[in-house]
Structure formats: C-alpha cells, structure tokens
Amino acid sequence: MPYAAALQAAGHEVRVASSAAFARTIEAAGFEPTAIGENFSWDNAEATFPEFVDYARRGEGLAYANEITWTRWNPTAAQDLLASFDTWRPDVMIREFAENGATFAGQLAGIPVICAAWAALPTDARRWETVLDWQRVLDHYETLAKTLGLAPDANAAWNRQLTLTGLPPSWFTGADTGGAVRHFRLPFAEKPDKPAPDWLDALGRDRPLVYATLGTVFNRLRKTRQALLDGLAELDADVLLTIGRNVDPTAIGPIPPRMRVERFMPQGYALAKASLIVSHAGLGTMLGAIYHGVPMVPLVLGAEHPINAANAAGTGAALPLGIDEIDAARIATTATRALRDPALRAAAESVRKECEILEAIDGVVSLVEDHYSR
C-alpha cells in the first residue's frame, strides 16, 4: 500500500488486485479493487480450505499453505489477471512475494513485474528453506509455467525481478541479493493522525511499558494468548495487550494488575513509548518496532515467522521464542531479560538509525517509471 499510495500521489492510475474478501479494505485505502484468486482470507480459511484444519493439527500447516499457494492460488490469480487486462491493462505490476500469479501473467502479457519483498529476499533460499520445501516450489513453478505455455525456467523468473523492501541492508546480512534491491523508508514511524487516548499517558510513567500483540490471525490461538497474558503478568512493568477486533475482551478472564487490554489501537501510539514489544513475529508489527527502535521478543507461531525472527535476532535486536518454547514461564523470563539487556536496546537503536536514512518512499515513483520505460 505505501508504494501504491506514492504512485497514486504522483498522478499514476493505480488498482489493487487481491482476493474479493479484501475489496472493502482496498476501497477504504483509496484504491479500486480487482478481484483475483479464490475468495479467501484467514478469517474464512477453515471454510475455504476445510482440509487445512487437519494439516494444522498435525503440524503440517506450513506445508499445506505452500500447496494452496502453488496449486490453487497462483494459477487462478494468473488467469484472473490475464482476463482483467481486457478492460484495464497496467504498464507495470508490483506484487508481494507469495502472489506469484502476477509473475506468470506478466510474462504472458509482456508486462514488467516488480516484487515487494517480505522479511527475506526472493533469492534468499537460506531463509525460505526454513519454512518452505524450496525444491517443491521450484517444481510447482516449472509445472505451472508449462501449463500456461511458458518455457520452464530453472532459475525461476522471480529471482531476477527488481525487489522493493522497507527493511535496512543489515536485515539481509549473509543473503544472496541476486537481482537489484531497493530499500525504502515506509511510513511505519509516522505518528497516527489523531491524538493518543488519554489513558495511554499513565502507562510507562513509573515503570517500563511492554506492548504485546498476536496480530489479527494468530490472536485466535487461545492457549498462546493465555500464556502471553500469564507470562507478562509476572513482569515489573506496565503492559498494553491488544487482542484484535475479533476477540471478546470479556472472554479472556481476569486482567492482571498493571495490564491494560484493548481490542485495537494504532501500534504507533504504543511503540512511541514502549521499552519492549512481545509479538507474533508478523512483519508489519516488527517493522513498527524496527522503525521505533524497540527491542523485540518475537513468538514464532507459523507463516513466515521463523524468517522474521531469525533476521531480527541476526541484527541483535530480538530474543525469539520458538513454537515449542512458548509458555508463561519462558515468556516472563525472556521478556525480563530483554528489558534488562542494554545490548539489545543498543542494537534496536542502531537498526532504527539505519532505517532513518533509507530512501524516501517517493523515490519508488521514478524507479517504477524507469522500469516501465525499459
């Protein structure tokens, strides 16, 4: 969305292609939506892919998510994008890493494609192999390419795409950067438009403030949420826990002293005051912490969390907990250690300063224009 907003502000016509489930969100952000792929979000995952529940219970959720992406989403998305070009043909497409249907559609239609990376670059197999069967991904790519009438590409076309990232160079230490990578400063450090709520002023005044969240998908994991609640209750700190709009605060039981529970608030409010964030290791949450210089305790629960946590730990700004380590006692011990560790805070501050000098987001406009002119 930050890239789209910069291009729109410069006078370019921008549309956002995604699942129909996100149409209202896209429109609320000021863009015209184009529905592609299956009508899917994680809120209806069990209904759309009922077999996913069994895979997740067996600990094979990541493997099955990989299958969903390559055998169902990308082929359908590619065909839907190609069909949409009959009424609106873009000059350039910017895709996020997993939505590789755009790569196929771009190859078939002769439209240049740019990748907006997650927490690892498309070429960094060292990281992706921790969450994906990388060879299986490549095999799916070649099979789908043949089905669409494209010559199989053993190196995978996405490895050569121009890549955009909001993360600093130090985040990718040791990675094979492959093609061109441009680092932009995204608006994660900007203050929210409205003043902070009055009650926030009392938090973090007499003791450190710890901000905790499990995001908007993993917040439904009751056992993890309870471990987080119980573990943070042991800290000598004020705690702000956001649980998500789809969770009833009255359903989580008694709230410990020095803890405030909210369904939602813009994370910029809390991160501007926080001494530590304990989170689900989602990239959006971690970007906020990085841009504010807040040390992290990432909880690796699924998705690309292992990649996010490993790279954060590599900068020295995070103390991750693996999925088998998440219980109240370990959360309390690790969070206490993080609050007392000056090296952790120094590393977080170092990364924050590195992000301050990243290229301004407006620079993406000339970059995309140049990419099209080639």
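Structure summary
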read-out	value
Heavy-atom accessible surface of the range 262-370: percent carbon and sulfur, 1.4 Å	53
Listed residues ILE68, ILE94, ILE36, most fluctuating in the chain (Gaussian network, C-alpha, under 10 Å)	ILE68
Amide hydrogen neighbours beyond the local backbone of ALA17, cut-off 5 Å, H modeled	THR34
Pairwise centroid distance, computed over Cα atoms, of the range 290-311 with the range 312-362, Å	8
Sum of -39500 (n - 2.57) over DSSP H runs of 4+, divided by residues of the chain (222 nm, nearest 500)	-11000 deg cm²/dmol
Contour excess over end-to-end distance, with Cα ends at ASP91 and ARG205 and 0.36 nm allotted per residue	35.9 nm
Positive-end residue of ASN39, GLY204, GLN8, charge dipole of the chain with Cβ unit charges	GLY204
Accessible surface of GLU325 - all protein chains present, 1.4 Å probe, nearest 10 Å²	80
Nearest-ten-degree value, helix 328-340 long axis tilted from longest Cα axis of the chain	90
Label-point separation in nm, ASP370 to ALA180, each point 7 Å along Cα→Cβ	0.5
Relative contact order for the chain, counting Cα pairs under 8 Å that sit 6 or more residues apart, in percent	15
Using alpha-carbon coordinates, inclination of helix 74-84 to the longest axis of the chain, degrees	60
Note, ³J(HN,Hα) from phi for the range 97-104, Karplus 6.51, -1.76, 1.60, rounded to Hz, x at Gly and Pro	3, 6, 8, 8, x, 5, 4, 5
With Cα atoms, 0 to 90° folded angle of helix 363-373 axis to the chain main axis	10
Extended-chain gain in nm, criterion 0.36 nm per residue less alpha-carbon gap, THR147 and THR333	61.7 nm
Surface accessible to a 1.4 Å probe, per residue, for the residues of the chain, Å²	47
Calculated diffusion of the range 131-252, Stokes-Einstein form, Kirkwood radius summed over Cα pairs, 37 °C and 0.692 mPa s, µm²/s	168
FRET E, pair ASP362, ARG160, Förster distance 22 Å, beta-carbon r, rounded to 0.05	0.30
Qualifying GluC sites (Glu not before Pro) for the range 7-50 [loop in DSSP, other Cβ within 10 Å: at most 13]	GLU13
With 5 Å bins from 0: P(r) over the range 1-116, alpha-carbon pairs, percent	2, 11, 19, 23, 19, 12, 8, 4, 1, 0
Only Lys, Arg (+1) and Asp, Glu (-1) charged, at Cβ; the chain dipole about Cα centre in debye	740
Assigned charges on the beta-carbon of Lys, Arg, Asp, Glu; the range 190-251 dipole about Cα centre (debye)	380
Magnitude of the charge dipole, the range 237-328, Cβ model with Lys/Arg +1 and Asp/Glu -1, debye to 20	360
Taking the C-alpha atoms of the chain, convex hull volume expressed per residue in Å³	141
For VAL239, residues with placed amide H under 5 Å, excluding near neighbours	VAL210, MET259, ARG260
Distance from the range 1-54 to the range 84-154 (C-alpha centre basis), Å	17
Positive-end residue of GLY231, PRO192, GLN79, charge dipole of the chain with Cβ unit charges	GLY231
Distant-in-sequence amide H partners of PHE184 (H built 1.01 Å from N, under 5 Å)	THR165, GLY166, LEU167
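The values are calculated or read from the model by the stated rules, or taken from the named source; none is laboratory data. No experiment lies behind these values; they were computed from the predicted model shown. Cβ: placed from backbone, ideal geometry, glycine included. Neighbour counts: every protein chain shown. Note: areas computed on protein heavy atoms with side chains; ligands, DNA, RNA excluded. Shrake-Rupley method; radii C 1.70, N 1.55, O 1.52, S 1.80 Å.
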